[in-house]
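Input: a single structure, listed below in structure tokens.
We did not get these values from a lab; they are worked out from the coordinates using the rules stated. This structure is a prediction, so every number in the text was calculated from the model and none was measured. Note that each Cβ is placed from the backbone with ideal geometry, even for glycine, and that neighbours are counted across all protein chains shown.
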Amino acid sequence: MSSGNDGRELAEGYLGGLLESLGLGVHYSRAERDALFYRDAAGAEVAVLDLVGGYGSTIVGHNHPEIVRYAKQLLDQGVPVHAQFSRHPYANDLAGRLNTILHREFGTTEAYSALFANSGAEAVEIAMKHAEFDRVAKLTALTAEIGRGVEAARAAIDRGAVVAVDEAYHRLGVAAGVSPGAAPEAVVAAIVRVNGERATAAPIFLAPEGSFHGKLVGSVQLTHNAGFREPFRSMAAQCRFVPVHEPEALAKAVESARTTLFDLVVAAGGVRVVERDLPVIAAFILEPVQGEAGIRPFDRETAQRIQRVCAAVDCPIIVDEVQSGMGRTGAFFASSHLGLRGDYYTLAKSLGGGLAKAALTLIRDSRYHREFELAHSSTFAKDAFSTLIAGRVVDLLEADDGALYRLAAERGERLTAMLRTLQDEFGTVVEDVRGAGLMIGLEFRDRSDSPSGIIAEQSRAGLLGYLLSGYLLRVHAIRVLPTASATNTLRIEPSVYVTDDDIALLEKGLRGLLVVLREHDGAALLPAA
């Protein structure tokens, strides 16, 4: 049957052309463990060491035999994918197992309810929506309480009570143009008017500089990279990005966002204007290890400072574990290394075992609004196939008292030690090696002043990391890719089953690449014409 495209690339054709120009336009036909396979021009199968790992989606490797067997079993059983608005006991089982892990790693007993999704970005959007749902509920309760206070003050004024002129009164005057001699009725009217204007203000989200939380309409606003975010700025709630490693930065950001509503209280026979904090910050969101910013782990001190500042103003914390979770850092939740307890946790990627599209958001009971379950839904979320697969992945990670967590930590240490040896040897080329467990970044020094026009031009265009990835793929059959917002950093995110031979192959390939960069041999990086 004719494809109907007249030879044109209609499926993301621009991206396909870019991949070809960088030597990354390969069609993979098979996957296994930490390997992808393609056919060369002669039809022979070629193995590639895959260290991208689906951007952190393959903690148990490609096509894990047990996961594949279980998937076939489920399909042979004919488990329903489309049985929405019915009971899903397997989803409750998975939520229970995740609660057990969360309680163990964070030392809490509070339950977390689970809402299901298909992708990490969607899980983030669930957290955003629920946080706003919670904020609006608090705002509604506050405005109702103020309404009662205003009515009580009106009654007192009718009985002859006088409105006290004090600092809060003067701030109301600045906001509404009320003079100190204004009639009490004018004060009441000003409060109603100012509160009405302020209460409709859009919510604010806070996030660290460098954050990446997806590219959907809401989640892209939490992504620091302006190239991803700015074209869609007018479509969703805005985010303020904070240099959280500066000790006072978050507290200052919270204070700068502070807005109040005015209230009236009756006391000692008079009426006073008071101010009540308006809940304007919907949530603070962070990744325990910033993935697309160049694999940058948070330190415990910064994480604890964030926890304290947010707790002081009742600002919920969304912990995005989409890439860092599922055992990749040596614990199920990377944030557990930091003692950072979230009000929300998002999970995806490896939750599906590299096979299913599975994601979810965990929400602590003390914040959870059960009626939200009717305000959010997703056609493919919580289906039997993906949820049961996710449960089996969790079982694999938890087996043998968490043996895979220990393996992730050990393999990560082995990889990091090798990379730091290369850093010591090629210090003029390698800027840094950092990460946690099997989430590692290799950062190259800026090469925009290289005597090689090819290297300098690609550096200035922000494409050097992709060019280096193309070289490693073409010459050494190694698949790595740069992080999205720090393209001088190559991500290394293999499965827990990465072998010493795999690590040796990576070392050999990187050594060859580093020699090319040290010698400014730009021509060697280009695909053959």
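Tabulated values for the structure
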{"item": "HN-Hα J in Hz across segment 149-166 - Karplus 6.51, -1.76, 1.60, θ = phi - 60°, x for Gly and Pro", "result": "x, 5, 5, 5, 5, 4, 5, 5, 5, 4, 8, x, 5, 10, 7, 5, 9, 9"}
{"item": "Cα-based reach from Lys252 at 18 Å (exclusive), listing aspartates and glutamates while leaving out same-chain residues under 8 positions away", "result": "Glu209, Asp277, Glu301, Asp314"}
{"item": "Space enclosed by the convex hull of the alpha-carbon atoms of segment 89-389, per residue, Å³", "result": "153"}
{"item": "Rg over Rh, two decimals, segment 137-271 (C-alpha only, Kirkwood Rh)", "result": "1.13"}
{"item": "Debye, to nearest 20: dipole size of the chain, +1 on Lys, Arg Cβ, -1 on Asp, Glu Cβ", "result": "780"}
{"item": "Between helix 464-476 and the chain: long-axis angle, C-alpha atoms, 0 to 90°, nearest 10", "result": "30"}
{"item": "For Asp50, residues with placed amide H under 5 Å, excluding near neighbours", "result": "Ala35, Leu36, Arg479"}
{"item": "Only Lys, Arg (+1) and Asp, Glu (-1) charged, at Cβ; segment 89-389 dipole about Cα centre in debye", "result": "200"}
{"item": "Hull volume in cubic angstrom per residue (convex hull over the Cα atoms of segment 415-484)", "result": "101"}
{"item": "Amide hydrogen neighbours beyond the local backbone of Leu340, cut-off 5 Å, H modeled", "result": "none"}
{"item": "Leading residue at positive end of dipole, segment 348-488 (Cβ point charges), from Tyr405, His376, Ser350", "result": "His376"}
{"item": "Length added when fully stretched, Glu255-Glu373, from 0.36 nm per residue minus Cα-Cα", "result": "39.2 nm"}
{"item": "CD proxy at 222 nm, helix term only [per DSSP H run n ≥ 4: -39500 (n - 2.57); per residue of the chain; nearest 500]", "result": "-13500 deg cm²/dmol"}
{"item": "D (Stokes-Einstein, µm²/s), Kirkwood Cα radius, the chain, 1.002 mPa s at 20 °C", "result": "83"}
{"item": "Low-density loop cleavage sites - trypsin sites (Lys or Arg not before Pro) in segment 3-108, where at most 11 other Cβ are within 10 Å (DSSP)", "result": "Arg8, Arg87"}
{"item": "³J(HN,Hα), Karplus 6.51/-1.76/1.60, whole Hz, each residue of segment 264-271, x for Gly, Pro", "result": "10, 10, 9, 8, 6, x, x, 10"}
{"item": "With Cα atoms, 0 to 90° folded angle of helix 65-77 axis to the chain main axis", "result": "70"}
{"item": "Per-residue ³J(HN,Hα) for segment 85-101, Karplus 6.51 cos²θ - 1.76 cosθ + 1.60, θ = phi - 60°, Hz, x for Gly and Pro", "result": "6, 9, 7, 10, x, 5, 5, 5, 4, 5, 4, x, 5, 5, 5, 4, 5"}
